[in-house]
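The values are calculated or read from the model by the stated rules, or taken from the named source; none is laboratory data. What you see is a predicted model, and the numbers here were worked out from it, not measured in a lab. Here the Cβ is made from the backbone with ideal geometry for all residues, glycine too, and neighbour counts use every protein chain on show.
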Amino acid sequence: MIYEVRFLSKELENEYTALEKSNPRLHKAIKKGIEKLKMNRLAGRKIPREQASKRFVRLYGTTNFWNLDLSREWRLIYTIAGDSIRILSIILCWFDSHKQYEKEVYI
């Protein structure tokens, strides 16, 4: 089964597209991550609800967060939303450093 992967917003998608010129390595890593998610929506690791940042819960309106390692430093945060017809992996954001990721995603 191939899953549909979408960005949460057009702005985030534009940011990703701009990375092709400004940071090609990160763009390529995210692209590989997207391909992984298309094949397996559970490719990442579930972030336990009690560990999810309150800021993220408010910002995205969900407690269903998943983390996909793109490299030693880069992380991609996504959520899975499903209904009877299709399952979506929605890319919420990505981080340039593990330090930034720890600060933003976890309590």
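Put simply, of G82, G44, G61, G33 the only residue that is out of contact with any His (no Cβ under 6 Å at 6 or more places or on another chain), among the small types (G, A, S) and at positive phi is G61.
Counting the residues of the range 44-73 that are in a loop (DSSP other than H, G, I, E, B), under 19 Å from S97 (Cα atoms) and polar (S, T, N, Q) gives 2. Against the test of being surrounded by 12 or more Cβ atoms within 10 Å (Cβ to Cβ), in contact (Cβ under 8 Å) with a residue 60 or more places away in the chain and not in a helix (DSSP H, G or I), the options R41, R6 yield a single qualifying residue, R6. Out of all the residues in the range 14-21, is one or more in a strand (DSSP E or B), without any contact (Cβ under 8 Å) to a residue 60 or more places away in the chain and either of a type in the set (D, E, K, R) or closer than 24 Å to E102 by Cα (or both)? No, the range 14-21 has no match at all. From A43, A52, A29, grab the single residue that is in contact with a helix residue (DSSP H, G or I) (Cβ under 6 Å, 6 or more places away or on another chain) and either over 25 Å from Y106 (Cβ atoms) or among the small types (G, A, S) (or both). Being in contact with a helix residue (DSSP H, G or I) (Cβ under 6 Å, 6 or more places away or on another chain) and either over 25 Å from Y106 (Cβ atoms) or among the small types (G, A, S) (or both) holds for just one of A43, A52, A29, which is A43. The set of residues in the range 1-33 that are closer than 18 Å to A43 by Cα and either under 15 Å from the mean Cα position of the chain (by Cα) or among the β-branched types (V, I, T) (or both) comprises I2, Y3, E4, V5, R6, F7, K28, A29, I30, K31, K32, G33. Of all residues assigned to the range 89-102, at least one qualifies as being touching a residue at least 12 places away in the same chain (Cβ under 8 Å) and surrounded by fewer than 13 Cβ atoms within 10 Å (Cβ to Cβ). Scanning the range 67-82 for residues that are in contact (Cβ under 8 Å) with a residue 40 or more places away in the chain and exposed (fewer than 14 other Cβ atoms within 10 Å of the Cβ) returns a single hit, S71.
Residues in the range 44-66 that are touching a residue at least 40 places away in the same chain (Cβ under 8 Å) and aliphatic (A, V, I, L, M): I47, A52.
Residues of the range 74-84 that are in contact with a Phe, Trp or Tyr (Cβ under 8 Å, 6 or more places away or on another chain) and part of a loop (DSSP other than H, G, I, E, B): W74 alone. Of the residues making up the range 59-107, those that are within 12 Å of F7 (Cα to Cα) and at pLDDT below 80 are L88, S89, I90, I91, L92, C93, W94.
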